[in-house]
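The values are calculated or read from the model by the stated rules, or taken from the named source; none is laboratory data. Note that the structure is predicted; figures quoted are calculated from it, not measured. All Cβ positions, even for glycine, are placed from backbone atoms using ideal geometry, and neighbour counts span all protein chains on display.
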Amino acid sequence: MKKILTSILSVMIIIGLTTINIVAQEITISTPDEFVQNIEDETYEIITLGADIDLTGKYSQNETINIANKTLNLNGHKLTLRHMAPIFDGANYIIRNGTIESTNSHYAIFVGDSIGADNAVLEDLNCIGGFNIYNSTNVTLRNCTAVAKGYYAIWCDEGAFVNVEGGSYSNTTDVYNNSDGEAVLSSPSVIGLASGQESGKFIASLNIDGAEMIVNSGDLVLDPETRPTPIIDNSSCNISELFDYTIDGSAEASYSKNGSTGYAVGNTINEKAKELDGNGTIEILSGSVDLTGLPEGVKVTNNGEGTVTVNGVDVAKGTEVESKPATYVIVEGDNQTWTGSGELSIKGSGEYKDFDHVEVDGSVVDSSNYSKTEGSTIITFNGAYLNTLSNGQHTAVLYWTDGGSAKATFSINVNTSASDSDHTSRPTKPSSDNKPEKVYDPYDTNKDGVVTCEEKYGEDWYWNEKTKACMVKGYSAIIVDTATR
């Protein structure tokens, strides 16, 4: 009896010490009823839409749903809501990958209520209407698009502390008549933050990094004199108001092309400059900028106090420089010879992030035929591609987005003869280049007058059009046999 009790106790101890891995439960839903039934079910951590879902009439105004610790994956589908029906509440949730629209509200989605949506992430969403965020800290909008149907693309209400990472946000030119009968913009700005302070601190905040903001009416930010102001970096806007909210020390620039003007701060300046061409200009207003990968003909003016370079060329204060292709060289890999095995790598001095394409003998090489790695730019051709090239010298040219290039030469030297020990029944090359109707009749298994390399020698053989001969797959041995195809 004592032994039995000891055994049971041992098993209980082992179970207690064993870490149990619980797999997150997932469910796919396709109807409004399935959404209501499962969205707050603690059984499921991942809820995926299998179809567009219209929740009109399923929730009353101001009704909240607690989706704490869940991921709601729209899976490319559309979720249709109504004004504050529902409100997504609860901490540590994710809503991602789809479209959200409200049929009767300026805002597409309401985030946070009495509980608060602390640490919520909304990513890869296309919102027809804006984001309304309340009583929630550390909310992240990542790579989202929001076009305000009225009011704001982003509204940070009381207790909302929001970070924006990438994406595009814009407002509208819609108007409505107020109580005095005056026509008033329904979307007075792209961004709005609640006014007021508690203990000397504003009750809302907004940090924006890497986003595009488009002002179609009114201002970029609502009443910045009386409300919290956002902090913006690495972003762009179509009006210069952007600079009022730039982090101290960030570079600022204006750019124009074909009469259209824009403004950028931080590393977005280089991104916008690369989109210009010979008709484009960019003016550096403050800060230091190293512009790389610019196409030829962009006019760059340095009207700031910092250091400005364009494709490696310094731009002195108060001067203009027209971008020219950078001069690049082959650092490693010039004058190589490939003998039929392995790969072949060429390293150019241009920056990896600015690499565009590679050509061999004047033809663009498909990216499936090579890999590219950083340091500075290393192109590695695979053996399958090299095997399609004829014996002799070839030219490879690496190109970068600024029009700069670097040229290398390499040779193909594959043994095109096979020893007698490789193939004991080597066929005899016909005396004429004209292929007879039937050459090796016993091997003409299809009775079609043509003998293939596979029929003649086996499944590992194929016809190489470059060498005009049968070859073994993966080897350099060749049977010189122009009659067999």
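The criterion of at least 1 residues that are more than 27 Å from Trp400 (Cβ to Cβ) and touching a Cys at 6+ places or on another chain (Cβ under 7 Å) is met by the following strands (runs of 3 or more DSSP E) wholly inside the stretch 203-287: 204-209, 212-214, 219-221. Scanning the stretch 356-379 for residues that are in a strand (DSSP E or B) and among the small types (Gly, Ala, Ser) yields Ser363, Ser371.
Of all the criteria given as (1) at pLDDT 95 or above; (2) more than 22 Å from Asn143 (Cβ to Cβ), the one not satisfied by Ile100 is (2). Residues that are surrounded by fewer than 18 Cβ atoms within 10 Å (Cβ to Cβ) and either of a type in the set (Asp, Glu) or more than 22 Å from Asn138 (Cα to Cα) (or both) within the stretch 80-94 comprise Thr80, His83, listed in sequence order. Return the residues of the stretch 295-316 that are buried (at least 18 other Cβ atoms within 10 Å of the Cβ) and touching a Pro at 6+ places or on another chain (Cβ under 9 Å); say none if nothing qualifies. Answer for the stretch 295-316, where residues must be buried (at least 18 other Cβ atoms within 10 Å of the Cβ) and touching a Pro at 6+ places or on another chain (Cβ under 9 Å): Pro295, Asn311. Among the residues of the stretch 149-171, none qualifies, meaning not one is without any contact (Cβ under 8 Å) to a residue 40 or more places away in the chain, basic (Lys, Arg) and either touching a Gly at 6+ places or on another chain (Cβ under 9 Å) or under 19 Å from Cys237 (Cβ atoms) (or both).
The stretch 85-137 holds strands (runs of 3 or more DSSP E) entirely within its bounds, and those carrying 1 or more residues that are hydrophobic (A, V, I, L, M, F, W, C) and touching a Cys at 6+ places or on another chain (Cβ under 8 Å) map to 94-102, 107-111, 121-128, 130-133. Contact annotation: residue pairs with Cβ atoms under 9 Å, 6 or more positions apart or on different chains, pairing a residue in the stretch 356-371 that is at positive phi with a partner that is among the small types (Gly, Ala, Ser) and part of a strand (DSSP E or B), are Asp361/Ala396. When you look at Asn97, is it under 25 Å from Ile214 (Cβ atoms), surrounded by 17 or more Cβ atoms within 10 Å (Cβ to Cβ) and touching a residue at least 12 places away in the same chain (Cβ under 8 Å), yes or no? Taking the combined requirement at face value, the residue satisfies it.
Every condition in (1) modelled with pLDDT of 95 or more; (2) in contact with a Phe, Trp or Tyr (Cβ under 7 Å, 6 or more places away or on another chain) holds for Gly192 except the one numbered (1).
Could you check, for the stretch 366-386, whether at least one of its residues is over 27 Å from the mean Cα position of the chain (by Cα) and either surrounded by 18 or more Cβ atoms within 10 Å (Cβ to Cβ) or closer than 24 Å to Leu291 by Cα (or both)? The answer is yes; a qualifying residue exists.
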